[in-house]
Structures are given as structure tokens and as C-alpha cells.
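Q: Have a look at this one before I ask anything.
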Amino acid sequence: GCGFGGYADWMYEEFDPRVSIRADNERVQDVFDIGASGLCIVCGDEVSTGLYCDDCKNFDKSRCESCDGYFDDGEPYSAHAGNGDEILVCENCLDAYYTHCDYCGEYYLCGEMTADVEGHDICPSCLDRSYVQCEECNEWIKLCDAKTVCDEYGAVCHICPDHNNFSRCAN
């Protein structure tokens, strides 16, 4: 019948159906319905095809923590989730939802990246650790390239190296 997960023994003359159920399965099977769904030989759950349910067929495979699908033959990719935790994702989710940080090389959710920092995608961690925003033009620049200056109130700030409207204090 439609969706039958077993094999067709009834085409044989001496058809004598038998069902093996694991001893730890709590289901009671009084009736053998020809054409009914088969049972997974590992856990006893219904299957539509084959001998194993999806979970038991893929027991040795890891799941993508983004889409919950099983990884193909390829290796999982490490990425940073929205809460900052590192998770394993499949290649499809990596391509669709994550961006590569050009500074540290790790993957972050696309919405967390600061795009076009000196022409690069930079993650929040690298941005906080290695970049500052110019007080004059609001562009992001590497901390090591920034000039450190004092504004008219004496507060320390950072500017791009090409801004020349500051002068060295004589004192």
C-alpha cells in the first residue's frame, strides 16, 4: 500500500507475516495490517520507507544548529550565533545567513557585521578591539593607524591620519 515501509512478502505462496519488535518497545501490536507503516528496527517508531526512521538512520551525523538539518558529507562550519555562542552550521546556512569577518576570519550573522570598514566586513569583537571611529568624519579606522588628539574640552579622541586641522600643543 501507499507509504508501506516494509517489503512485499504476500507475493509468495506461503506468506506468513511476522513482526519483530524490540523487547524495550512499549507498543502492543495485536493486529498485523498489511500495507501499514513499517517500524524502525532501532526505536520502533513508524517509518515510511526503509528499515530506519530519520533519527536512527542519521544517528552518527550531527545536525546544523541553524536549520536543524543533518550535515551532508561535508564538514560543519563554526559560526557565531546572535547571542555570541559558537555553533556548527551547514554550508547552506553559512552562505545564506553568515558573513566572514575579514579581520579575524570567523563567521558571524550578517546583521551583526559592520560592513565597509575600510572596504572590509568586520565583526563586533574586532571592531571593539581593533578599530575606532574618527571624531571628524565618523569613518571606522584601525586603532593603530588613528591619530590620538584632544578636542577643545581636553577630551582624548581619535581621528583619521589625513585630517590636518589639529596642531601640537606648545605646552
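The values are calculated or read from the model by the stated rules, or taken from the named source; none is laboratory data. Quick caveat, the model's predicted, so the values are computed rather than measured. Cβ placement follows ideal geometry from the backbone for every residue including glycine, while neighbour counts extend to all protein chains displayed. The accessibility values were calculated without ligands, DNA or RNA, using every heavy atom of the protein model including side chains. Shrake-Rupley method; radii C 1.70, N 1.55, O 1.52, S 1.80 Å.
Q: Among the residues of region 44-56, is any of a type in the set (A, V, I, L, M), farther than 30 Å from C126 by Cα and at pLDDT 65 or above?
A: Looking for residues that are of a type in the set (A, V, I, L, M), farther than 30 Å from C126 by Cα and at pLDDT 65 or above, one finds at least one in region 44-56, hence yes.
Q: Right, here's the next one. Could you check region 79-101 and list, in sequence order, the residues that are surrounded by 15 or more Cβ atoms within 10 Å (Cβ to Cβ) and under 16 Å from E65 (Cα atoms)?
A: Within region 79-101, the first condition is being surrounded by 15 or more Cβ atoms within 10 Å (Cβ to Cβ), and the residues that meet it are 79-81, 87-90, 93-94, 97-101.
Passing the criteria: A79, H80, A81, I87, L88, V89, C90, C93, L94, Y97, Y98.
Q: Of all residues in region 107-157, how many are within 26 Å of E86 (Cα to Cα), of a type outside the set (D, E) and assigned to a helix (DSSP H, G or I)?
A: Total satisfying the criteria: 8.
Listed here are the residues, each with its yes/no results for (1) over 23 Å from R168 (Cα atoms); (2) open to solvent by 50 Å² or more (accessible area, probe 1.4 Å); (3) within 16 Å of the chain's Cα centre (by Cα).
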position	(1), (2), (3)
Y103	yes, yes, no
E106	yes, yes, yes
E118	yes, yes, no
T148	no, yes, no
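Q: Oh, and also: Condition first: under 15 Å from W140 (Cα atoms) and in contact with a Leu (Cβ under 7 Å, 6 or more places away or on another chain). Now tell me which residues in region 74-116 satisfy that.
A: Hit for region 74-116 is T114, nothing else.
Q: May I pose another question? Please find, among D9, D73, the residue that is modelled with pLDDT under 65 and open to solvent by less than 60 Å² (accessible area, probe 1.4 Å).
A: Values: D73 fails: open to solvent by less than 60 Å² (accessible area, probe 1.4 Å).
The match here is D9.
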